[in-house]
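Heads up: the structure comes next, in structure tokens.
The values are calculated or read from the model by the stated rules, or taken from the named source; none is laboratory data. None of these values were measured; they are calculated from a predicted model. Cβ coordinates were reconstructed from backbone atoms using ideal geometry, including for glycine residues, and neighbour counts include every protein chain displayed.
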Amino acid sequence: MPEPLCIEPRWPAPAGVRAVVTTRSGGVSRPPFQELNLALHTGDDPQAVRENRRHLVRALGLPGEPVWLEQVHGTTVAEAAEVTPDAIRADAAIARRPGVVCAVLTADCLPVCLCDRAGEEVAVAHAGWRGLAAGVLEATVAAFTRPPEALLAWLGPAIGPAAFEVGPEVRRAFVQQDPGMACAFTPARGDRWLADLQALARARLIACGVGEVHGMTACTHGEAGRFFSYRRDGRTGRMATLIWRE
């Protein structure tokens, strides 16, 4: 049985808030980007990517074209309703009115959806280790008009702690900020470490006051039939994580 086009988060989001993360199934891209590559910057045929994006809008009945960002592993949060057709350089987007679809692209980095309990504001962030260390989640939380304790978060699929081997500089970037972050790193060979992106993200969200953090534990690196993985394949496609208000 083929993988579904997308996965819906299991989290207690209020009525009217929709979120999905796509899989690699259901598109027209050819190897090594098969099938549902949604990123134009990977070297895939741009016509195939645009058809994949059109298919996504049709299949999900989206209220509009997702707001695509030019992601740079930074901390800028875009007001999605104000983004022009040319992608803005940002790693998170927030929307405050119905029908505006926020989106980030990932292939090992962690996508994080957020909304307030009233369902009036929604956001999504692209959180690789650089963005996490720089404060992309804190910046996204701060972009809400509601206080952090009124927010819900959902952590999507990312490279898992058994596969994400990093150098000492990555551990140092977190532990120098908060020694408690050491628990998200396990010793590997030599001076290398295995890093738990989800644990790092969860700890930082809790530290800035987010009321509830949910998530899935799927590993993009370990599930080749379901997810793209840059660390595993190098030249590959990207999944999209979308959130919007109906």
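Tabulated data
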| read-out | value |
| --- | --- |
| Residue selected from segment 159-179 under the condition β-branched (Val, Ile, Thr) and part of a helix (DSSP H, G or I), by the criterion nearest to CYS109 (Cα to Cα) | VAL170 |
| Single match in LEU114, LEU152, LEU137, LEU132 (criterion: crowded, with 24+ Cβ neighbours inside 10 Å and part of a strand (DSSP E or B)) | LEU114 |
| Qualifying positions in segment 181-208 - in contact (Cβ under 8 Å) with a residue 24 or more places away in the chain, touching a strand residue (DSSP E or B) at 6+ places or on another chain (Cβ under 8 Å) and closer than 18 Å to VAL124 by Cα | LEU197, GLN198, ALA201, ARG202, LEU205 |
| Residue check, ALA240 under 20 Å from VAL104 (Cβ atoms), assigned to a helix (DSSP H, G or I) and of a type in the set (Gly, Ala, Ser) | no |
| Odd one out for THR217, checked against (1) closer than 24 Å to ALA93 by Cβ; (2) at pLDDT below 95 | (1) |
| Condition broken by ALA90, with the remaining ones in (1) under 20 Å from GLY237 (Cα atoms); (2) under 15 Å from the mean Cα position of the chain (by Cα); (3) touching a residue at least 24 places away in the same chain (Cβ under 8 Å) satisfied | (3) |
| Residue within segment 65-74 that is in contact (Cβ under 8 Å) with a residue 60 or more places away in the chain, assigned to a loop (DSSP other than H, G, I, E, B) and on the phi > 0 side of the Ramachandran plot present | yes |
| Residue match in segment 173-192 (condition: modelled with pLDDT of 95 or more, in contact with a Lys or Arg (Cβ under 6 Å, 6 or more places away or on another chain) and not small (Gly, Ala, Ser)) | yes |
| Residues of segment 173-229 that turn out to be under 30 Å from GLN34 (Cβ atoms), surrounded by fewer than 16 Cβ atoms within 10 Å (Cβ to Cβ) and either more than 20 Å from the chain's Cα centre (by Cα) or charged (D, E, K, R) (or both), as a count | 0 |
| Subset of segment 93-111 (residues that are assigned to a loop (DSSP other than H, G, I, E, B) and under 15 Å from the mean Cα position of the chain (by Cα)) | VAL101, ALA107, ASP108, CYS109 |
| Every pair of residues 6+ apart whose Cβ atoms lie under 6 Å, when the first sits in segment 155-174 and is closer than 23 Å to ALA240 by Cα while the second is hydroxyl-bearing (Ser, Thr, Tyr) and assigned to a strand (DSSP E or B) | GLY156/THR241 |
| Residue in segment 17-35 that is of a type in the set (Gly, Ala, Ser), buried (at least 22 other Cβ atoms within 10 Å of the Cβ), part of a strand (DSSP E or B) and modelled with pLDDT of 95 or more present | yes |
| Residues of segment 63-115 satisfying the condition of being at pLDDT below 95, among the β-branched types (Val, Ile, Thr) and touching a Leu at 6+ places or on another chain (Cβ under 7 Å) | ILE88 |
